[in-house]
Amino acid sequence: MATLRLDDHLCFALYAASRAVAAAYRPLLTEFGITYPQYLVLIVLRDDGAMSVRELGERLQLDSGTLSPLLKRMETAGLLVRQRSELDERSVHVDLTRAGRQLEVKVRCVPERLAELVGDSGWTEADIVKLRDDVNRLTALVRQDEEPDK
């Protein structure tokens with residue numbers, strides 16, 4: 001088997017694309033005073049409602065060492081509240097505050113503004129949806145192989 005050059009590796013193409021997309025979001029989100037991971041937290045809590053920190057970490061595919069400081073900064077900014085579960089003190093739940101909900105409404109324009117930035121690239125909405133679906137299928141396939149009982 002031939003040795004692949006860096007640019008021929010699928011993993012590098014996905015890594016570079018992920019970094020480029022996150023970087024494209026950065027100036028749009030800076031206007032609202034949040035980072036890309038904070039933006040994702042807003043979306044998940046909007047879509048799914050209050051949940052445990054563990055569930056949020058699973059949903060965002062972030063470990064607790066990354067997620068905890070992120071949530072602390074958002075709580076300090078008044079965007080969410082963290083509260084220990086009354087049923088299980090080991091479990092902490094998070095939910096958006098009124099300010100967090102208001103900010104989430106404001107940032108709903110971000111995907112459309114990003115689409116405007118890449119609008120002249122020749123990519124159609126259908127192209128983007130297909131790419132997203134293909135990447136999601138790849139992610140599910142790789143994660144399935146990671147499961148210990150498989």
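Annotations for the structure displayed:
- Output for the range 63-121, where each listed residue is under 24 Å from Glu31 (Cβ atoms), free of Cβ contacts under 8 Å to residues at least 24 places away in the same chain and in a loop (DSSP other than H, G, I, E, B): Gly78, Thr97
- Taken together, Leu45, Leu56, Leu28, Leu40 contain a single residue that is closer than 14 Å to Leu103 by Cα and within 11 Å of the chain's Cα centre (by Cα), which is Leu40.
- Ala13 assigned to a helix (DSSP H, G or I), among the small types (Gly, Ala, Ser), touching a Phe, Trp or Tyr at 6+ places or on another chain (Cβ under 8 Å) and surrounded by 11 or more Cβ atoms within 10 Å (Cβ to Cβ): no
- Single condition Glu116 does not satisfy, out of (1) under 25 Å from Leu14 (Cβ atoms); (2) among the acidic types (Asp, Glu); (3) surrounded by 11 or more Cβ atoms within 10 Å (Cβ to Cβ): (3)
- Criterion: closer than 20 Å to Ser64 by Cβ and either surrounded by 12 or more Cβ atoms within 10 Å (Cβ to Cβ) or at pLDDT below 85 (or both) - qualifying residue of Arg84, Arg90: Arg90
The values are calculated or read from the model by the stated rules, or taken from the named source; none is laboratory data. Source: prediction; values computed, not measured. Virtual Cβ from ideal backbone geometry, glycine too; neighbours counted across all protein chains shown.
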